[in-house]
Amino acid sequence: MAHASLDKRDPTRKPGKTTRPRVRVLLPLPFPGPFDYAVPDSLADAGLRPGAIVAVPLGRRTETGVVWDNDSILPPEFAPPPMPAVADGRLKPVTTLLDLPPLPDGLRRFVDWVAAYTLSPPGMVLAMALRTTATTPTAPVLGWTVADPLPPDLRETPTRRKVLEIVSPHGPLTAAEIARRAGVGVGVVRGLADAGALRHTPMAAPAAFALPDPDHGPPVLTGQQADAAHSLRDLATRGGFSVTLLEGVTGSGKTEIYMEAIAACLARGRQALVLLPEIALSSQWTGRFARRFGAEPALWHSDLGPRLRRITWRAVADGEAPVVVGARSALFLPFPDLGLIIVDEEHETAFKQEDGVTYHARDMAVVRARVAGAPVVLVSATPSLETLANVGAGRYRHLVLTARHGGATMPEVRTIDMRAHPPERGLFLSPVLTEAITAATGRGEQAMLFLNRRGYAPLTLCRTCGHRMQCPNCTAWLVEHRVRQILTCHHCGYQEPVPPACPQCNAEASLTPIGPGVERITEEARATFPDLRIQVMASDTLPGPAATADAVARIARREIDLVIGTQIVAKGWHFPHLTLVGVVDADLGLGGGDLRAAERTVQLLHQVAGRAGRAEAPGQVLLQSYTPDHPVMQALVSGDFEAFMRQEAEQRRPGFWPPFGRLAALIVSADTPAAADATARALGHAAPHGEGLQVLGPAPAPLAILRGRHRRRLLLRTRRDVAVQPLLRHWLSLVKPERGARIDVDIDPVSFL
Ligand code: ADP
Ligand code: ZN
């Protein structure tokens with residue numbers, strides 16, 4: 001690795017002979033471990049204890065790092081090999097101690113743990129904990145205040161007066177904010193500044209996050225709800241590590257109940273973290289939280305602007321953000337006093353991070369809780385088989401809610417056999433479904449169509465020569481997005497205009513869309529139901545949480561009759577007037593031979609179905625399927641999720657498939673097929689042998705080419721009692737990737753592409 005040349009270390013020098021005071025500093029970079037630095041006299045009294053955030057020299061640069069612990073918390077077989085010691089004379093001194101709260105103990109241990117478990121360089125995990133400009137001291141943000149006195153010769157206009165009226169009680173404000181509030185151009189603000197009427201002023205440090213009040217608006221809980229809430233309150237009050245699965249049908253009040261655990265955690269003065277799979281959900285969630293606690297929680301996700309990011313990170317570190325709701329990366333925030341973690345929709349695959357450090361946020365939340373000595377609650381209507389297996393083995397507690405709140409009934413689920421009730425030629429909605437939509441909307445209720453596929457059509461084909469439009473960089477078809485008039489690759493983002501003629505045979509007007517995406521269903525719905533007010537919800541039509549919140553508000557205000565969406569509509573939304581859900585292609589997720597295809601389809605469709613009939617009017621769910629007898633359809637119709645999961649378990653148990661065994665994937669990617677093959681073969685030759693383990697592959701990945709890189713996969717499958725990390729560490733040490741090739745490790749893989 002490159003670090004050896006970055007600073008000239010002497011690996012032959014024996015440790016133990018050193019006398020200069022030194023500290024180990026972990027940098028947020030892909031080195032195998034922390035580096036040693038000398039403690040300069042100027043900092044000798046500062047006490048550079050583990051966790052201190054410091055600036056250090058690295059080559060010619062200055063980097064921010066964290067003083068790391070001397071003893072690994074990990075068992076030796078999991079710990080990375082020790083870094084060679086450096087001679088006193090070669091040690092470089094720490095530059096400065098930054099004025100930031102130290103990285104808490106629990107977070108440092110968590111970083112070490114995640115690195116060891118995922119076989120990632122610890123610095124790359126630390127980078128997630130420092131991924132904020134909080135650690136790069138920046139100039140204070142400047143805003144504008146009104147000059148006092150105003151310049152005597154100031155020319156006043158109505159727009160100028162408006163700006164002054166807004167700024168004087170609320171300043172300092174940024175120019176953009178003033179322009180927005182006053183409804184004027186930024187030029188007006190600049191004009192006033194040039195005239196000396198506005199003054200540049202540092203913005204005050206933001207107020208700490210408002211304190212949620214545990215007693216603000218507690219719900220009246222009933223029967224099962226009260227028991228479950230009591231149990232969770234108790235765990236949060238007592239503290240200590242525990243894992244609880246809170247399982248309950250959609251609309252049973254799970255959110256209401258885990259808010260009680262948060263209340264208990266707050267009453268103890270400790271911090272709570274809530275992980276959501278989809279940050280688009282946060283708007284409805286924060287609204288609910290505010291009604292319960294009289295204050296907004298802090299938010300954490302990748303769309304946060306740099307300023308809010310810095311403020312939030314700091315507030316968490318100072319213990320001034322009592323509740324954080326966020327995406328998986330919130331696990332790496334510097335909570336000094338974490339008292340509770342909630343993982344909502346724990347079965348969601350969105351919790352698995354697939355690039356950079358690949359980790360499963362649900363599993364890592366359990367680790368984080370253990371390190372913090374705090375309870376964690378996993379919440380779902382359709383828990384993952386992994387979590388159910390942990391319940392079965394007695395490792396996790398289990399709380400169950402069997403009924404919807406307030407007497408709302410579970411929706412009735414039926415399949416539409418598409419062989420018996422086919423749509424008209426060229427269309428995708430069966431007459432059975434369109435009639436149901438007409439009936440529901442005729443009663444003034446709302447309906448929803450769900451299709452988990454963005455764009456207009458997943459495949460474009462030449463009717464003359466059969467040519468299929470393919471991505472030049474990936475083993476994938478190009479997806480037509482008609483609104484934007486492009487063909488695009490959903491894997492690499494490549495796009496091109498829809499060509500007027502077939503690029504293969506030059507036939508004009510011969511390219512034909514095959515199959516539906518959500519845009520095409522929308523087109524069909526507009527033609528079939530010209531009078532209905534339609535809202536499309538797909539990640540590319542709703543850029544960001546604000547647009548999503550808007551759409552959700554319109555639906556809640558009943559300005560919409562028919563919602564059409566991709567998986568974003570499946571999430572935990574509460575739409576009280578929605579009574580009909582139509583699934584356009586219930587068979588969609590079943591192909592592909594993925595280990596969890598059936599489980600995932602049941603979870604997703606059950607969740608979509610759960611949007612129906614959440615208030616008084618009963619709900620109805622119609623599944624368009626060509627395989628209505630498939631166990632997945634049967635499970636959805638009967639609602640017997642438990643029986644389905646028992647069957648799933650029996651299929652996976654004999655072969656030691658997860659959760660009854662462990663999996664790790666090795667993904668080789670290279671510039672050329674030859675380099676990919678050679679590296680994959682070398683891995684195959686060096687593969688471990690032994691009791692209770694098996695290596696599958698190498699084989700071309702289903703996505704054999706991705707972003708122009710050629711990909712091969714190997715899969716290590718072991719019994720549960722085999723520790724895969726030491727095995728993998730040894731295996732990888734035996735193989736040197738070919739030029740232009742790399743090997744990525746994915747522990748507990750979720751995607752097999
Ligand atoms: P889940 O998370 O299980 O889907 P929610 O917590 O969202 O269920 O509850 C469904 C709806 O019922 C929400 O509007 C919620 O506010 C309401 N609700 C649930 N339990 C109660 C209760 N005890 N009192 C008042 N409203 C409740
Ligand atoms: Zn592509």
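The residue that is farthest from E435 (Cα to Cα), among those in the stretch 384-410 that are within 13 Å of ligand 1 (Cβ to nearest atom) and in contact with a strand residue (DSSP E or B) (Cβ under 6 Å, 6 or more places away or on another chain), is L399. Within the stretch 246-256, the set of residues being within 9 Å of ligand 1 (Cβ to nearest atom) and open to solvent by 20 Å² or more (accessible area, probe 1.4 Å) comprises V249, G251, K254, T255, E256.
Please determine whether any residue of the stretch 352-364 is among the aromatic types (F, W, Y), under 25 Å from the mean Cα position of the chain (by Cα) and under 28 Å from R611 (Cβ atoms).
Checking the stretch 352-364: not a single residue is among the aromatic types (F, W, Y), under 25 Å from the mean Cα position of the chain (by Cα) and under 28 Å from R611 (Cβ atoms).
Given the options P503, P472, P499, name the one that is open to solvent by less than 60 Å² (accessible area, probe 1.4 Å) and away from ligand 1 (no atom under 16 Å from the Cβ). Step through it out loud before you land on a result.
Numbers: P503 fails: open to solvent by less than 60 Å² (accessible area, probe 1.4 Å); P472 fails: open to solvent by less than 60 Å² (accessible area, probe 1.4 Å).
The match here is P499.
Based on this model, can you work out whether G426 counts as away from ligand 1 (no atom under 13 Å from the Cβ) and under 30 Å from V343 (Cβ atoms)? No, not satisfied. Among the numbered conditions (1) more than 27 Å from D363 (Cα to Cα); (2) more than 16 Å from ligand 2 (Cβ to nearest atom), the only one that V724 does not meet is (1). For the stretch 197-220, the condition holds for no residue, the condition being that it is open to solvent by 10 Å² or more (accessible area, probe 1.4 Å) and in contact with a His (Cβ under 9 Å, 6 or more places away or on another chain).
Suppose the filter is touching a residue at least 24 places away in the same chain (Cβ under 8 Å), more than 16 Å from ligand 1 (Cβ to nearest atom) and among the polar types (S, T, N, Q); does T579 pass it?
Values: touching a residue at least 24 places away in the same chain (Cβ under 8 Å): yes; more than 16 Å from ligand 1 (Cβ to nearest atom): no; among the polar types (S, T, N, Q): yes.
No.
So if I check each of I560, I555, I564, which one is at pLDDT below 95, of a type in the set (V, I, T), surrounded by 19 or more Cβ atoms within 10 Å (Cβ to Cβ) and closer than 27 Å to V483 by Cβ?
Working: I560 fails: at pLDDT below 95; I564 fails: at pLDDT below 95.
I555 is the lone residue from the list that is at pLDDT below 95, of a type in the set (V, I, T), surrounded by 19 or more Cβ atoms within 10 Å (Cβ to Cβ) and closer than 27 Å to V483 by Cβ.
Residue count for the stretch 424-469 satisfying the condition of being under 29 Å from the mean Cα position of the chain (by Cα) and open to solvent by 50 Å² or more (accessible area, probe 1.4 Å): 3.
Those strands (runs of 3 or more DSSP E) of the stretch 323-410 in which 1 or more residues are of a type in the set (D, E, K, R), in contact (Cβ under 8 Å) with a residue 40 or more places away in the chain and under 21 Å from S231 (Cα atoms) occupy 338-344, 397-401. Looking across G655, G684, G610, G661, one residue alone is more than 26 Å from H574 (Cα to Cα) and within 28 Å of the chain's Cα centre (by Cα). It is G661. Taking the options P673, P700, name whichever one is within 23 Å of Y494 (Cα to Cα) and touching a His at 6+ places or on another chain (Cβ under 6 Å). Result of the check over P673, P700: P673. Checked against the criterion of being modelled with pLDDT of 85 or more, surrounded by 11 or more Cβ atoms within 10 Å (Cβ to Cβ) and more than 27 Å from R368 (Cα to Cα), the stretch 68-79 contains not a single residue that satisfies it.
Considering the conditions (1) open to solvent by 10 Å² or more (accessible area, probe 1.4 Å); (2) in contact with a helix residue (DSSP H, G or I) (Cβ under 6 Å, 6 or more places away or on another chain); (3) of a type in the set (V, I, T), I342 is excluded by exactly one of them, (1). Selection of strands (runs of 3 or more DSSP E) fully inside the stretch 617-710 by the criterion of at least 3 residues being open to solvent by less than 10 Å² (accessible area, probe 1.4 Å) returns 620-625, 661-670. Only residues that are touching a Leu at 6+ places or on another chain (Cβ under 8 Å) and of a type outside the set (D, E) were counted across the stretch 229-276, and they come to 25.
Identify, please: which residue in the stretch 586-599 is assigned to a helix (DSSP H, G or I) and in contact with a Ser or Thr (Cβ under 7 Å, 6 or more places away or on another chain) and is, among those, nearest to ligand 2 (Cβ to nearest atom)? Among those that are assigned to a helix (DSSP H, G or I) and in contact with a Ser or Thr (Cβ under 7 Å, 6 or more places away or on another chain), it is G589.
Okay, residues lined up against (1) in contact with a Gly (Cβ under 8 Å, 6 or more places away or on another chain); (2) among the hydroxyl-bearing types (S, T, Y); (3) within 16 Å of ligand 1 (Cβ to nearest atom):
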position: F289; (1), (2), (3): no, no, yes
position: D318; (1), (2), (3): no, no, no
position: S329; (1), (2), (3): no, yes, no
position: P336; (1), (2), (3): yes, no, no
position: L340; (1), (2), (3): no, no, no
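Of everything in the stretch 513-541 that is open to solvent by 30 Å² or more (accessible area, probe 1.4 Å) and of a type in the set (S, T, Y), the residue that is nearest to ligand 1 (Cβ to nearest atom) is S539.
When W657 is tested against (1) out of contact with any Ser or Thr (no Cβ under 9 Å at 6 or more places or on another chain); (2) farther than 30 Å from T118 by Cα; (3) aromatic (F, W, Y), just one condition goes unmet, and that condition is (2).
Results for (1) modelled with pLDDT under 95; (2) of a type in the set (K, R); (3) farther than 27 Å from L29 by Cα, shown as yes or no for each residue.
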residue	(1), (2), (3)
T312	yes, no, no
D318	yes, no, no
V323	no, no, yes
L333	no, no, no
E348	yes, no, yes
V377	no, no, yes
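Restricting the first member to the stretch 507-519 and to residues that are within 20 Å of L429 (Cβ to Cβ) and at pLDDT 95 or above, and the second to residues that are of a type outside the set (A, V, I, L, M) and not in a loop (DSSP other than H, G, I, E, B), the beta-carbon pairs closer than 6 Å and six or more apart or on different chains are P513/T460; P513/E480. Tell me whether the stretch 230-245 contains one or more residues that are open to solvent by 30 Å² or more (accessible area, probe 1.4 Å), more than 28 Å from the chain's Cα centre (by Cα) and within 16 Å of ligand 1 (Cβ to nearest atom). Yes.
The values are calculated or read from the model by the stated rules, or taken from the named source; none is laboratory data. The model shown is predicted, which means the values in this text are computed figures rather than measured ones. Don't worry about glycine lacking a Cβ; one is built from the backbone with ideal geometry, like all the others, and counts go over all protein chains shown. The accessibility values were calculated without ligands, DNA or RNA, using every heavy atom of the protein model including side chains. Shrake-Rupley method; radii C 1.70, N 1.55, O 1.52, S 1.80 Å.
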